[in-house]
Amino acid sequence: MKRILSALLMLVTLFSALSLGSCSKDDGTPEGMQLVMGGENIGYYFWGPEEWVVANVGQIACTYASKIDMSSMTFAKGVKPQGTIKEYFESEKTKFPYEISVSVDGESCNFGNASGLGTKYVYSYEYKERSFSCMQIFVENNGEFYIFTYTASNVMYDSDNTYYDRYLEKVTAVIDAFKFVDVTETNTEAPKYERDGEGYILVSDETLAGFKMYVPVSFKVDCSSALVSVSNSSGVNITMSQATYTGVTNEDYWNARRKNIEAFADKVTDAESGELVSSLEEIELGKQITLEGTNWALAYEYSYVLDGVKYHAYQVLIVESSINGYVYTYIAPENMYSEHLDEAKKILGKIDY
């Protein structure tokens with residue numbers, strides 16, 4: 001559960017920088033909806049409101065209301081916990097990066113055409129001095145385990161409803177329309193990529209992203225739109241998108257980034273005080289580096305623990321012109337970081353703006 005929440009928080013921090021196109025209609029799409037993610041190759045069809053933005057990242061299906069309204073719905077496959085869902089939820093509550101207040105505590109519910117009943121929780125929390133409510137439904141279908149999450153602000157939309165209340169009718173319609181199907185193997189032709197002189201493949205669409213990114217063929221594309229994300233079999237992940245934070249000082253940028261990381265990273269026990277503290281470790285911040293074709297670039301190196309695994313990150317804030325800024329992030333498990341760092345820097349150096 002915490003892994004899905006962490007991924008959702010990371011998505012929320014990216015939304016304000018993205019302008020992603022929605023998926024095309026499918027013959028079976030319900031009226032007023034659009035396909036967010038689905039197919040017989042993955043075993044389900046997840047439809048969302050037709051006016052919302054589709055922002056899938058990897059295997060996490062995600063749709064949100066708008067760049068101004070961050071209300072969102074996600075759906076992802078998870079690992080079935082040992083014991084009951086209630087036992088699982090209770091054990092995970094203490095690991096949340098913020099205190100939660102539960103209002104619906106393990107209520108049974110239907111979820112589309114799932115073979116079994118889902119288990120629903122609704123809770124509220126404070127994030128960056130703002131109040132949110134979250135509905136999570138844990139559901140099994142033919143032995144597989146999935147998590148649906150709806151999150152919205154508790155700010156009043158009108159005199160009667162919060163933003164969370166505003167979309168409950170749409171959320172109910174999305175849940176009712178959800179369709180599980182039998183998984184069938186499909187023979188899909190591997191995508192063909194343009195290559196440079198070194199054999200690196202072009203994985204970005206310059207019209208959407210604003211840059212050309214080339215990576216080794218060992219990487220697979222997780223997402224290629226305004227946000228570009230690639231990964232390899234060693235657990236390495238590289239992302240790049242337009243900068244979320246603009247018109248701020250370098251210190252303000254890192255302070256905002258720190259808050260986002262601390263919100264989803266694990267807490268660890270401080271050796272001296274014995275208290276739980278953020279696992280974020282700041283290694284080197286705001287180091288000026290030279291990148292051809294840019295005005296300036298600052299590198300930030302840090303590490304954190306997520307779900308018990310330590311990750312090491314190298315992030316570069318790039319100003320390409322007076323109006324265009326980008327964030328390039330290389331993240332790897334601690335034991336893989338040094339091995340792939342030169343490769344990540346080479347990819348960064350080859351980006352064409």
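The values are calculated or read from the model by the stated rules, or taken from the named source; none is laboratory data. Predicted, not measured: the structure shown is a model, and the values here were computed from it. A quick note on method: Cβ atoms are made from the backbone with ideal geometry, for glycine too, and the neighbour counts reach across all protein chains shown. What goes into the accessible areas is simple: the full protein's heavy atoms, side chains included, and nothing from ligands, DNA or RNA. Shrake-Rupley method; radii C 1.70, N 1.55, O 1.52, S 1.80 Å.
Some points to look at:
- Each residue of region 140-204 gets 207 Å³ once the volume of the Cα convex hull is shared out per residue.
- About the Cα centre, charge dipole magnitude for the chain (Lys/Arg +1, Asp/Glu -1 at Cβ), debye: 120
- For the chain, carbon and sulfur atoms together expose 46% of the accessible surface, with a 1.4 angstrom probe and every protein chain in place.
- Modelled label reach - residue 292, point 7 Å along Cα→Cβ, region 305-331 residues with backbone N closer than 19 Å: 318-321
- For region 147-164, 3J(HN,Hα) computed residue by residue from phi via the Karplus equation (6.51, -1.76, 1.60; θ = phi - 60°) reads 10, 9, 9, 10, 10, 8, 6, 8, 5, 5, 7, 9, 5, 10, 10, 7, 4, 4 Hz, glycine and proline entered as x.
- Note: relative contact order over region 276-353, using C-alpha pairs below 8 Å and six or more positions apart, is 22 percent.
- Here the Karplus relation 6.51 cos²θ - 1.76 cosθ + 1.60, evaluated at θ = phi - 60°, turns the backbone of region 169-177 into coupling constants of 5, 5, 4, 4, 5, 5, 5, 5, 7 Hz, with x for every Gly and Pro.
- Rough spin-label spacing in nm, given labels placed 7 Å along Cα→Cβ, for residue 233 and residue 334: 2.6
- Projected area averaged over orientations for region 66-192, convex hull of C-alpha atoms, nm²: 10.9
- Less than 5 angstrom separates the built amide H of residue 204 from those of 213, all sequence-distant by 5 or more or on a different chain.
- Accessible surface computed residue by residue for the chain, with neighbouring protein chains in place and a 1.4 Å probe, gives 49 Å² per residue.
- Placed amide H near residue 118: partners under 5 Å, 5+ positions off or other chain: 109, 110, 111
- Here is how the number arises for the chain: DSSP H runs of 4 or more residues each give -39500 (n - 2.57), the sum is divided by the residue count, and the result at 222 nm is -6000 deg cm²/dmol.
- Applying D = kT/(6 pi eta Rh) to region 242-353, where Rh is the Kirkwood radius over alpha-carbon pairs, T corresponds to 37 °C and eta to 0.692 mPa s, the Stokes-Einstein value obtained is 217 µm²/s.
- Net lengthening on full extension, residue 117/residue 86 (0.36 nm per residue, minus Cα-Cα): 9.8 nm
- Working from Cα pairs under 8 Å separated by at least six residues, relative contact order for the chain is 13 percent.
- Which listed pairs, of 95/310; 192/346; 95/346; 77/120; 179/259; 93/310, have C-alpha distances above 27 Å, in listed order: 95/346; 179/259
- Relative contact order (%) - criterion: Cα under 8 Å, at least six apart; region: region 189-244: 23
- Restriction of the GluC sites (Glu not before Pro) in region 116-189 to DSSP coil positions whose beta-carbon has at most 10 other beta-carbons within 10 angstrom yields 129, 185, 189.
- Amide hydrogen neighbours beyond the local backbone of residue 310, cut-off 5 Å, H modeled: 334
- With N the number of residues in region 58-117, Rg(Cα) / (2.2 N^0.38 Å) evaluates to 1.39.
- Residue order for 130, 257, 195 - accessible surface, 1.4 angstrom probe, largest first: 195, 130, 257
- Label-to-label distance for residue 50 and residue 198 is 4.7 nm, based on points extended 7 Å past Cα in the beta-carbon direction.
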